[in-house]
1. Find the relative contact order for region 110-241 and round it to a whole percent, using C-alpha pairs within less than 8 Å whose residues are 6+ positions apart.
2. Find out how many positive minus negative residues lie around GLU15, taking Lys and Arg as positive, Asp and Glu as negative, among other residues whose Cβ is under 12 Å from that of GLU15.
3. Which lysines have a Cα less than 25 Å from the Cα of LYS177, not counting those fewer than 8 places away in the same chain?
4. Which of the aspartates and glutamates could a cross-linker bridge to LYS76, judged by Cα under 20 Å and excluding same-chain residues fewer than eight apart?
5. If you plug each phi of region 105-120 into the Karplus form 6.51 cos²θ - 1.76 cosθ + 1.60 with θ = phi - 60°, what whole-Hz ³J(HN,Hα) values come out, in order, with x for Gly and Pro?
6. Please list, by residue number, everything in region 155-195 whose backbone N is under 20 Å from a paramagnetic label point 7 Å out along Cα→Cβ of GLU87.
7. With θ set to phi - 60°, apply the Karplus curve 6.51 cos²θ - 1.76 cosθ + 1.60 along region 137-151 and write out the HN-Hα couplings as whole Hz, x wherever there is a Gly or Pro.
8. Give, as a single signed number, the net charge of other residues whose beta carbon lies under 11 Å from the beta carbon of MET1, with Lys and Arg counted +1 and Asp and Glu -1.
Amino acid sequence: MKELKLLYLYPDMLELYGDYGNIQVLKYRMKKRGINLIVDRYTIGDKAPDFTSYDIVFAGGGADNEQSILSTDLIKYRDNIKEAVKEKVFFLLICGSYQLFGKYYKGVEGNIIPGLEVFDYYTVAQPDRKKRCIGNIVLDVNLGDTETKVIGFENHGGQTFDIDSPFGKVLYGNGNKFGDSEEGFFKENIIATYLHGPLLSKNPVLADYIISYCLERKYNEKIGLEKLDDTFEEKCREQLLKELLK
Ligand code: GLN
């Protein structure tokens, strides 16, 4: 039986708007194809994980307060994380953790939360706490072989700058900044995005992209995933796209 290992970072601190659902979707879609997903959790105080021993690393979103608490802990793993990124372990990072993989997050009071500096972007909080990028969002995403519309939900005050390879083009919603034309950060094995949702339940194509990527990397062979019955997911997507892109 094929098997993948996922590391779930700070589940007690980074879990907003159903982020954990992304892991459930991966597990469900893998189980349907007879593939096992092992999920290990790591939070402050736990034994240090070896990031390079995983196929997928997942971290969700969290408020500024949680980000400042866990940033010191996360930074302890900088070298190991950089090694895992280099070894092409897949990282799915949502909102707060997307920000923490950049250079820094500058809070409303001007306080700096240091990032991992794995990537060169940085985030600055919107000065007015009441003004946030909130709502549904639709992106045009190119996953290499596949073009797809990614649907999600964003809720962030942080405005992210200096992105050299965005996740998608914004068709509806804000993106990396208010009224931006681009959203997130994407490189072969990294998807860092503001889309909560959970993201993968609304975007089965994206879930399968991640599964295929991880299987092909681990087993070093081309893997054709068995097609699943996504009739309900497709109907839901059709309806949302009709409503949002009209
Ligand atoms: N604190 C960050 C912001 O508001 C992240 C919030 C989140 O993860 N939803 O920009």
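Where a number appears in this text, it was derived from the coordinates with a stated rule and is not lab data. Predicted model only: the values in this text are computed from it and were never measured. Here the Cβ positions follow ideal geometry from the backbone for every residue, glycine too, while neighbour counts run over all protein chains shown.
1. With pairs under 8 Å counted, the relative contact order is 19 percent.
2. -2
3. Within reach: LYS103, LYS106, LYS130, LYS131, LYS149, LYS169, LYS187, LYS202, LYS242, LYS246.
4. Hits, sequence-local ones excluded: ASP12, ASP40, ASP46, ASP50, ASP64, GLU66, GLU87, GLU117, ASP120.
5. Result, ordered by residue: 10, 9, x, 4, 7, x, 5, 9, 9, x, x, 6, 6, 6, 10, 8 Hz.
6. 187-191
7. Result, rounded to whole Hz: 8, 10, 10, 9, 10, 10, 9, x, 7, 10, 9, 8, 9, 9, 10.
8. On the way: positive: LYS2, LYS31, ARG33; negative: GLU3.
Counting the neighbours of MET1, the net charge comes to +2.
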